[in-house]
Amino acid sequence: MGWSPGTPTALEFAQGMIEEGGPYAAPDGFNSTYLSQLSNYFASNNDTYLANLFANESKEYSLLNNLTLQAMAAEVAGNTSQAMKLYKEVDQLAIDLYMYVYTIQPTNMWIIKPYVHGYNNQISWEENPLTNAAEDSVYWWWEK
């Protein structure tokens, strides 16, 4: 999938990859309501093992989603110390749930010689190189 965050903030990543209903979390099945329904289904068939398993997983994903929402709200409110604490909890819980295995951090950089600059010393319409747009730089926009 080609989604990437619009800004390099924790909120943008958490919203897309971890928040329930996000563009990665939803198709990956991180949905506490669905897991709760599975638990009820297995409980109705007297399968207590699977019923308990899905009930516990539903609670964990619900906790994760609530923590994610709290962290994003703290970030938006400008309470960076609280947001950082909550995002750390979110990350650890996501790792504990084996949601994703982090292997790399995707980054893009512009490496430019000091004598190279944007046309008329402007680069305002270029996209943010820290997110997904580093490769959008068009060669003719640069001048020496």
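Derivation of every value follows stated rules applied to the coordinates shown; laboratory data play no part. Here the structure is a predicted model, which is why all the values come from computation and not from measurement. No Cβ is skipped: glycine too gets one built from the backbone with ideal geometry, and neighbour counts run over all protein chains shown.
Here are some notes:
- Mean separation of Cα contacts under 8 Å, 6 or more apart, over the residue count of region 10-96: relative contact order %: 26
- Local electrostatic count, Ala14, Cβ distance below 10 Å [Lys/Arg +1, Asp/Glu -1]: -4
- Modelled FRET efficiency - R0 30 Å, Asn79 with Thr33, Cβ distances, 0.05 increments: 0.55
- Note on Tyr49 and Thr9: the model spin-label points, each 7 Å out from Cα along the C-beta direction, lie 4.7 nm apart.
- Highest-first arrangement of 41-48, 24-31, where packing means the average Cβ count within 10 Å: 24-31, 41-48
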